[in-house]
1. State whether one or more residues within segment A:14-37 are under 24 Å from residue A:228 (Cβ atoms), under 17 Å from the mean Cα position of the chain (by Cα) and at pLDDT below 85.
2. Residue A:156 is checked against (1) in a helix (DSSP H, G or I); (2) over 28 Å from residue A:57 (Cβ atoms); (3) within 9 Å of another protein chain (Cβ to nearest Cβ) and fails just one. What number does that condition carry?
3. Could we say that residue A:154 is over 19 Å from residue A:18 (Cβ atoms) and modelled with pLDDT of 95 or more here?
4. Does residue A:168 count as more than 21 Å from residue A:215 (Cα to Cα) and within 11 Å of chain B (Cβ to nearest Cβ)?
5. Can we say residue A:180 is at the interface with another protein chain (Cβ under 10 Å from one of its Cβ atoms) and in a helix (DSSP H, G or I)?
6. Do we find that residue A:83 is within 22 Å of the chain's Cα centre (by Cα), under 18 Å from residue A:146 (Cα atoms) and in contact (Cβ under 8 Å) with a residue 12 or more places away in the chain in this structure?
7. Would you mention how many residues in segment A:184-200 are facing chain B (nearest Cβ under 7 Å) and in contact (Cβ under 8 Å) with a residue 12 or more places away in the chain?
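The values are calculated or read from the model by the stated rules, or taken from the named source; none is laboratory data. No experiment lies behind these values; they were computed from the predicted model shown. Here the Cβ positions follow ideal geometry from the backbone for every residue, glycine too, while neighbour counts run over all protein chains shown.
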């Protein structure tokens, strides 16, 4: 028979932010165990970009004109398609519920999940972009703003997409709905991103649009986990 | 004043009170709407002077301008109602939010459609990628997103909260979208197209427009109340007062 005192489990000290690192590590580990999931958005990106010359024309001049737009639109779509799974697996196996009821701030855990999502989709997309830019004959001056813009822009896409993913995670066919509600919110990033590359090609200073994209990213990083956490609570409890 | 407002706020918490109160207002509101819209339309379409450059085609502004104004204002009505529903858990606010979305979307579509009709004789094309038109199109997408989310949840309570969050996120985004589209437009195309400025309008043209704007506001309120009343009856159908009301009718 146990002593009375030993029945009381010792209250675990709650360390603020330990949920953040735990989710970060877990999600990174999961991502590396499912390498195929990392590859899919990348392959989509490359195939979708390949479609454009097939549909339009292989003419280098035409393609060079369209290259910034094509790459940005396809990166947006690839990011959009991958964000659907952000909370899905955790929702299905109940991990999400544990996160919601845990004493750790949900805000930080959502932020950790978004960071990992960006590391396994946005970052690889950005790194693949120069290859595609070369295939589309993007002028050399466009590469630096393309890369910087995509670095900032895909992170914003992941953050905004998280809100949509959190809102639709409890729905059975959330994918199409997710794109519907998230795409209008992506538009400012697309505008600034694609036009900064265009400006660089035309020899105009690009620090303006890139700074604006940085500002949007900073703003989204503050607001999006808040909205996503609220949306997740609704999706869990109704 | 403040206590009066608080009383009113508490009353608004009761859908039943709202239903009966608006039942008394509706005939008056309907009358105002009818008078403003009919006189405004006849005045604007038949008696206002012809535009020197655009001839008679400019007359579509009597529908285009008020519809577009309310399309914008309607989004804020929806978002504020959603916020009230989220924060104070007011049932009525949720119903207003759900009712406001399709009205706003319809007005945005009317604004875009009348703009396209107006654009053909004025600019020679139905569609121009002008900053304002593009932002209206994005506004329509935002409305459709809220509506799609609203209708895809089985539980009404989840649908309310989820679409309220989306409406609020959209509200935060609207200024960013508008600025970016504006910037995008000035970058891509020199401003060759100039909108007729409302302030420089001749008073004879402007007065019927003002009447139409008032009429559209009244119309919007009327339709919003009617939609909300239907929503109230639908959601409160299991309560006794609705049962009695339906038994009476």
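1. Within segment A:14-37 (the criterion being under 24 Å from residue A:228 (Cβ atoms), under 17 Å from the mean Cα position of the chain (by Cα) and at pLDDT below 85), the answer is yes, since at least one residue qualifies.
2. Condition not satisfied by residue A:156: (3).
3. yes
4. Criteria met by residue A:168.
5. Here the answer is yes, as residue A:180 does meet what is asked.
6. no
7. 4
For (1) assigned to a helix (DSSP H, G or I); (2) under 23 Å from the mean Cα position of the chain (by Cα); (3) at pLDDT below 90, each residue gets a yes or a no:
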position	(1), (2), (3)
B:53	no, no, yes
B:61	yes, yes, yes
B:70	yes, yes, no
B:77	yes, yes, no
B:85	yes, yes, no
